[in-house]
Amino acid sequence: MKEFQDLALITPEEVENLLSLARRLEAHPEPRALEGKILALLFLNPSLRTLASFQAAMGRLGGNSFVISPDMSIHGLETRRGIVMDGQAAEHIREAIPVIASYADALGIRAFAEREELDHDLADKDYMAFRELVNIPLINMESAINHPCQSLADWKTMDDLGLPRAGGKFVLSWAYHPRALPLAVPSATVHMAAMRGMDVTVLRPEGFELPESIMQKARDAAQFSGGSVTETDDKAAALEGAHVIYAKSWASTKHYGHLPNDEKAREGLKHWCINNSWFDTTQKDARFMHCLPVRRGIVVADEVLDGPRSVVIPEARNRMYAQMAVLHQMLGTK
Amino acid sequence: MKEFQDLALITPEEVENLLSLARRLEAHPEPRALEGKILALLFLNPSLRTLASFQAAMGRLGGNSFVISPDMSIHGLETRRGIVMDGQAAEHIREAIPVIASYADALGIRAFAEREELDHDLADKDYMAFRELVNIPLINMESAINHPCQSLADWKTMDDLGLPRAGGKFVLSWAYHPRALPLAVPSATVHMAAMRGMDVTVLRPEGFELPESIMQKARDAAQFSGGSVTETDDKAAALEGAHVIYAKSWASTKHYGHLPNDEKAREGLKHWCINNSWFDTTQKDARFMHCLPVRRGIVVADEVLDGPRSVVIPEARNRMYAQMAVLHQMLGTK
Amino acid sequence: MKEFQDLALITPEEVENLLSLARRLEAHPEPRALEGKILALLFLNPSLRTLASFQAAMGRLGGNSFVISPDMSIHGLETRRGIVMDGQAAEHIREAIPVIASYADALGIRAFAEREELDHDLADKDYMAFRELVNIPLINMESAINHPCQSLADWKTMDDLGLPRAGGKFVLSWAYHPRALPLAVPSATVHMAAMRGMDVTVLRPEGFELPESIMQKARDAAQFSGGSVTETDDKAAALEGAHVIYAKSWASTKHYGHLPNDEKAREGLKHWCINNSWFDTTQKDARFMHCLPVRRGIVVADEVLDGPRSVVIPEARNRMYAQMAVLHQMLGTK
């Protein structure tokens, strides 16, 4: 595997192989599989889980990693093309990325959405521009519109729990949050659940519809897998019989890039905080999922997060195993 | 060993085993003992020695480590319970700690004293709250009231130097410092020296008495080991015949949490700076110890720190060997 | 090898051995050569390439590293001698360096020039003061006046490209930059090219002459190697027939430490930006070199940096192989 950018770019068989490899490495450690191998981690945005899980993944396989963030360069990294660099930035990403890659066997890049123009972010233009500069195996550690490591981990988590594929009802629910968050996780998640063959409902208030291209991509996956994808603001209908409520906040797509309008759109939506009552008509043992970090009492009530339905810690832990599988396929000799 | 929280919670035999293992690993490296193992290091406060010595310890045993600090999370870590997270912090420690632990085979946590309420800090309430969130082997990298890694290293340093246990006179001396520092090191140190069987004198000005519970804990250890523990402000009596002067500043316990009163209490105490004259009536080859970092010309004179009595560098180096022993017992297969 | 401070302090044969070892490790990885070994990296200034390439180098050889920078200490590191530490800094470099070294098998130190007094920087006084505190193998990761890792990497890069030693024309050209940069790279570079036996021309505007001691050191090396060293502001004569244009900006030596005068001296020098026309009379396949980071459109035009003449990425990559050779010679058992 030369690249791990988007679950939609690999086949269902390749996903199964990665999941199977992740389970194998969880059960049977291979502490010398990647000895002498180096993973470079470039974080253009902060990270806790991603940094820790990748460093742990590489270490468990006997390899090593190093971390670069813009504040390590003398005056930040310039990203604009064709610019005369007479300002603060002393280094351009066009040098920084190839240099970092030149020290490594694989490179992970995190670059959040700019959240100014929706089309720009939907096309993942920043990530695609960085990608052109890399000639070694590349891992998307969350771009403007994707987060395949999270999706692979979430898929494994549902498998581990025995949650059904065909006939499993997956609700991706918008939740309140004081800030206009990126579309990466909801976009990746709706596609992942559809690719897994589940019946997916996107539950969100008006103004927070997922973009049509994202929905279409998920519907395409569902058609192939035998699942389905719908979108609604009817909470009662959405939650009934659900196996999973996957909560996530995201920016208003109607007012994308216009913060005052976005803020107005989410006024009065503070009741979109998942509490126990949301599970009244779900499957009896329905699960609560979230990619973390999560704001307690805002996105989800303590009673859910601290209760038996929550699987947020296994989800986070599976980040490590999913990434071990990706790294093993990219860099392993067997 | 599942936890390394406090020397008082392990037996003297277990201490001897750790010291013996530390000496063995110093003499005979085991660069594959912990291959594929991961140590997570969570620093809620800054660190130089602890970070470097733990990373080096893990690397020397063939394992790997990763470091997390609050500024790596998007907007810091929330620690208060039951809070509605509508402020800056985007992640709660109740998620962060289990997630970090889920990637690792052992976890080290550093969380300094709040220094607001003495009882809160004496009960080590913050560390204890974090501890409840961890289900893997846990190492105290300095809590409000303890620092067992420093104590084990100091014990080894005295053994290495041939400093006597029974009959050895250990003076823990308060020293001037412009800030009200935590009680962790003095509390751990007085107990360690008592547990080692030494005759321990705590030398400090009025208002800087160590808390009674700390003194009682040390006296209990002395009763078992055959040592003794006393407290005084009589410098001449304290220093006479001493084998070790262990300097450390700490906050006024009389004015704990009240910075203006603490400041007033330490006015006029600038002569509590250990210089060569402090060794006039000690043992001829008495040693100067300090856990570092130390302020030159404030806590101790250059003539002592740069002279032959000072063993602060071996103390720091022994942090690594002590921690290698702890990690080897926690994670090693033999 | 106990120290890697300056190419001038090792013999040409030792340089050849390092280059040969670097090539061997590039072709034949040795992922267990340094297992259990620890490299400490102390950065008193920021770094991207040096940090990444050293961490990768150590990891590729099976060892491990840790990074310390002043912001990891509680309130920064004091460097002045004999000071009473009643200010912000809670730790002195006189403790910090020996402590860090005590955890490691080798230590790298980066300490940029103060750029206040030329004689101070030419004598590398800060680095020399740090050096006295270290009793393990020491690597200069860029001091006030030297950068031997960069020089060794540049030498290897020219060897890899088949650029001639005897008869090779090497032009070190000053370039415009908004800030008064250190002399470390130009000083190291002019000596390296002379030691390699090349005919070296330093091309720079008036007021930006390299210091006489630096030029003499390079001339001494040239005398031994059969090369030559000249200095000029005649661009046409300098560039004619060149095999390499190595661009670098540096502070005015005439106005060293006086920023307003330096700024005035570089007014009107913005045309010192290397573009394709600089290669009109060079060798047909002449190369562009630069140590990075580089300001696009200021030091060098995009057309050069993005064109086939530029070898800045191989130069950066060779940092890793050069450093692997140094570490292997310092710490390897074979």
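Read the figures in this text as sums done on the coordinates, not as results from a lab. Treat the numbers as computed from the prediction; the structure is a model and nothing was measured. Note: ideal-geometry Cβ built from the backbone for every residue, glycine included; neighbour counts use all protein chains shown.
Some values worked out for this structure:
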quantity: Residue (of A:Val326, A:Leu48, A:Gly307) at the positive-pole extreme of chain A, dipole from beta-carbon charges; calculated: A:Gly307
quantity: GluC sites (Glu not before Pro) within the range A:118-214, DSSP loop, no more than 14 other Cβ atoms inside 10 Å; calculated: A:Glu132, A:Glu206
quantity: Cross-link table A:Lys156/A:Lys254; A:Lys156/A:Lys264; A:Lys125/A:Lys235; C:Lys169/C:Lys248; C:Lys156/C:Lys264; A:Lys169/A:Lys248, entries beyond 27 Å C-alpha to C-alpha; calculated: A:Lys156/A:Lys254; A:Lys156/A:Lys264; A:Lys125/A:Lys235; C:Lys156/C:Lys264
quantity: The range C:1-116: relative contact order in percent, alpha carbon pairs under 8 Å with at least 6 residues between; calculated: 29 percent
quantity: Rotational relation C to A, axis-closest Cβ in chain C, residue and distance rounded to whole Å; calculated: C:Asn64, 4
quantity: Shielding by other protein chains, B:261-272, mean Cβ within 10 Å; calculated: 0
quantity: Net +/- balance of residues flanking A:Lys169 in space, Cβ distance below 9 Å, scoring K and R +1, D and E -1; calculated: -2
quantity: Percentage relative contact order, chain B, counting C-alpha pairs under 8 Å, at least six apart; calculated: 20 percent
quantity: Inter-copy spacing of A:Gly268 label points, which lie 7 Å from Cα along Cα→Cβ, given in nm from shortest upward; calculated: 6.8, 6.8
quantity: Positive minus negative residues near C:Tyr256 (Lys, Arg vs Asp, Glu; Cβ under 10 Å); calculated: -3
quantity: The protein assembly as shown, dipole about Cα centre (Lys/Arg Cβ +1, Asp/Glu Cβ -1), debye to the nearest 20; calculated: 1500 debye
quantity: Inter-label distance, nm, simple model (7 Å from Cα along the C-beta direction), C:Asp119/B:Glu14; calculated: 6.2 nm
quantity: Peptide ranges A:13-25, B:109-121 listed from the most packed, as the mean C-beta count within 10 angstrom indicates; calculated: B:109-121, A:13-25
quantity: Mean separation of Cα contacts under 8 Å (6+ apart) over length of the range B:44-196, as relative contact order %; calculated: 18 percent
quantity: Shortest-first distances to equivalent copies, position C:Lys254, nm, label 7 Å out along Cβ; calculated: 6.7, 6.7
quantity: Of the DSSP H helices in chain C, those whose Cα atoms cover at least 15 Å axially and whose Kyte score averages 1.0 or more; calculated: C:184-195
quantity: Shape category assigned to the protein assembly as shown from the gyration tensor of Cα positions, a/c cut at 1.5; calculated: oblate
quantity: Whole-angstrom gap from the range C:1-35 to the range B:120-182, using each part's C-alpha centre; calculated: 43 Å
quantity: Rounded FRET efficiency, nearest 0.05, which uses the C-beta distance separating B:Gln329 from A:Leu161 and R0 of 35 Å; calculated: 0.50
quantity: Inter-label distance, nm, simple model (7 Å from Cα along the C-beta direction), B:Gln88/B:Ser213; calculated: 3.1 nm
quantity: 7 Å along Cα→Cβ, label-point gaps from A:Glu240 to other copies, nm, shortest first; calculated: 9.1, 9.1
quantity: Cβ neighbours within 10 Å from other chains - mean over B:83-96; calculated: 6
